[in-house]
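Peer 1: One structure is given below, represented as structure tokens, and several questions about it will come after.
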Amino acid sequence: MRRWLLIVLCAVLVVCLWKYYGSEKATEDAAVEAHPPQTIAPIAEAHPPPATPIAEALRRINNSRSSHGLPPVNLDDTASRAAQRHCEAMAAEDFFGHIGLNGSRPFHRYNLDEGGDGHIAENVCLFKSSTAIATDQTTVTGLAIKGHGMFMAEVPPDDGHRRNILEKRHNYIGIGAFVKDGNYTYCEEFLDKYIEISGPSQKTIPLGDDLVFTGRVIDPGQYGLYMVSVTYDAALIPPANPKSQPTSYKDAGAQKATIVPPWDFNKDGRHFDVRSGEFSISIKIHKKGYYYIIFYLKEDPSSIPYAGGSARVSTEDGFAGGAQVIRVI
């Protein structure tokens, strides 16, 4: 009697990170009902097989952006390492979500663990099967295509992943995909990289030292450094139930630490040169833990109140152009 290979696509859980400091703009998972038992049908466009799953996923992502009049994103090796390691952890350790088993969130994995300096927004998805998923290139690529297609098929208001793909500020991306037995994981790590951060060279520093960030705005003629936001976590908190994580999370630490407004960029030892875009921004720290620093930029540098022409700044008036995470011990 012929045996049929039954593959059950049980669940696809997808979460998009879409928010800025000061407001929770996280989106909820788009739950997809389990399909009846079926085999994974071959995808016509996979003949001949694409060079790699990552290359094909990048092509699909940029096609989606191009169809909406948006510029392409470039593949970023650092973000891809963060994406791949998170995919491998989820598949191998049988959990799903933005929060790692050690309590890390996307910005911890990219900015702290991998040393990246962009601001990150993550799309993740999981396919589960009752039997082992094939690891050949065509299957892995086909599932990456399927995952991205499901992101793009979302409709408002539950279209956070689609909106993440179509965010005009994104200019880089990291992509990861991994198969382990009956688990397949796929990650898209979108980046906003408009500054280069040259210091500090160490991501873990002792208590007692101030944080001093040096770097430059990449295009100072178009963008100006607008404000620096710092939030704080005393420790990374592992998820209570790794297999059933909250559907959204905040792109910030648990506590507000400080804000450096533009009129303080050239005070108390700080320095920012509007013409060159070069900066040296110091931040005082008072306790051990994890500090998440977001550098906000704004178009039209001439409108930024570097001389204190405004009593208020808001993250909503700028955009996250870079970020760092520093661990203080």
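The values are calculated or read from the model by the stated rules, or taken from the named source; none is laboratory data. Keep in mind it's a predicted model, so treat the numbers as computed, not measured. Glycine also receives a Cβ, built like all others from the backbone with ideal geometry; neighbour counts cover every protein chain displayed. Just the protein is used for accessible areas: all its heavy atoms, side chains included, with ligands, DNA and RNA removed. Shrake-Rupley method; radii C 1.70, N 1.55, O 1.52, S 1.80 Å.
Peer 1: Inspect all residues belonging to region 315-325 and state whether any of them is of a type in the set (S, T, N, Q) and either under 30 Å from residue 93 (Cβ atoms) or under 19 Å from the mean Cα position of the chain (by Cα) (or both).
Peer 2: Here is the first cut: in region 315-325, the residues of a type in the set (S, T, N, Q) are 315, 324.
Next, only the ones that are either under 30 Å from residue 93 (Cβ atoms) or under 19 Å from the mean Cα position of the chain (by Cα) (or both) stay: 315, 324.
Scanning region 315-325, I find at least one residue that is of a type in the set (S, T, N, Q) and either under 30 Å from residue 93 (Cβ atoms) or under 19 Å from the mean Cα position of the chain (by Cα) (or both), so the answer is yes.
Peer 1: Every residue in region 28-77 that is at pLDDT below 95, open to solvent by less than 80 Å² (accessible area, probe 1.4 Å), touching a helix residue (DSSP H, G or I) at 6+ places or on another chain (Cβ under 8 Å) and assigned to a loop (DSSP other than H, G, I, E, B), please.
Peer 2: Across region 28-77, the qualifying residues are 30, 40, 43, 49, 50, 52.
Peer 1: Something else: So, in region 153-187, how many residues would count as being touching a strand residue (DSSP E or B) at 6+ places or on another chain (Cβ under 9 Å) and at positive phi?
Peer 2: 0
Peer 1: On the given criteria, is residue 197 in a strand (DSSP E or B), under 26 Å from residue 301 (Cα atoms) and under 18 Å from the mean Cα position of the chain (by Cα)?
Peer 2: yes
Peer 1: For a quick check of your reading of the model, give me the residue pairs whose first member lies in region 77-103 and is at positive phi, whose second is crowded, with 22+ Cβ neighbours inside 10 Å, with beta-carbon atoms closer than 8 Å and at least 6 apart or on different chains.
Peer 2: 97/15; 97/90; 97/124
Peer 1: Looking for whichever is farther than 20 Å from residue 252 by Cα and assigned to a loop (DSSP other than H, G, I, E, B) here; the options are 141, 135. Which one fits?
Peer 2: Working: 141 fails: assigned to a loop (DSSP other than H, G, I, E, B).
So the residue among 141, 135 that is farther than 20 Å from residue 252 by Cα and assigned to a loop (DSSP other than H, G, I, E, B) is 135.
Peer 1: Considering every residue within region 154-163, establish whether at least one is open to solvent by less than 10 Å² (accessible area, probe 1.4 Å) and modelled with pLDDT of 95 or more.
Peer 2: Looking for residues that are open to solvent by less than 10 Å² (accessible area, probe 1.4 Å) and modelled with pLDDT of 95 or more, one finds none in region 154-163, hence no.
Peer 1: List the residue pairs whose Cβ atoms are under 6 Å apart, where the first residue sits in region 260-284 and is closer than 13 Å to residue 224 by Cα and open to solvent by 50 Å² or more (accessible area, probe 1.4 Å), the second is part of a loop (DSSP other than H, G, I, E, B) and among the small types (Gly, Ala, Ser), and the two are 6 or more positions apart or on different chains.
Peer 2: That search, which allows pairs on different chains as well, returns 263/308.
Peer 1: Here's a follow-up. Is there a residue in region 104-112 that is in a helix (DSSP H, G or I), touching a residue at least 12 places away in the same chain (Cβ under 8 Å), farther than 20 Å from residue 292 by Cβ and among the hydroxyl-bearing types (Ser, Thr, Tyr)? Show your work before the answer.
Peer 2: In the first step, residues of region 104-112 are kept if they are in a helix (DSSP H, G or I); the result is 106-112.
Now drop any that are not touching a residue at least 12 places away in the same chain (Cβ under 8 Å), which leaves 106-112.
Cutting the leftovers down to farther than 20 Å from residue 292 by Cβ gives us none.
Scanning region 104-112, I find no residue that is in a helix (DSSP H, G or I), touching a residue at least 12 places away in the same chain (Cβ under 8 Å), farther than 20 Å from residue 292 by Cβ and among the hydroxyl-bearing types (Ser, Thr, Tyr), so the answer is no.
Peer 1: Related question: Mind checking which pairs have a first residue in region 207-230 that is among the acidic types (Asp, Glu) and a second that is open to solvent by 70 Å² or more (accessible area, probe 1.4 Å), Cβ under 7 Å, 6 or more apart or different chains?
Peer 2: The qualifying pairs are 210/284.
Peer 1: Does region 237-244 include one or more residues that are open to solvent by less than 60 Å² (accessible area, probe 1.4 Å) and in contact with a Lys or Arg (Cβ under 6 Å, 6 or more places away or on another chain)?
Peer 2: no
Peer 1: Looking at the structure I just gave you, is residue 212 open to solvent by 20 Å² or more (accessible area, probe 1.4 Å) and outside any loop (DSSP other than H, G, I, E, B)? Before the answer, list the steps.
Peer 2: Numbers: open to solvent by 20 Å² or more (accessible area, probe 1.4 Å): yes; outside any loop (DSSP other than H, G, I, E, B): yes.
The answer is yes for residue 212.
Peer 1: Hey, could you check region 304-325 for residues that are in contact with a helix residue (DSSP H, G or I) (Cβ under 9 Å, 6 or more places away or on another chain) and either within 16 Å of residue 272 (Cα to Cα) or crowded, with 22+ Cβ neighbours inside 10 Å (or both) and say which is modelled with the lowest pLDDT?
Peer 2: 308
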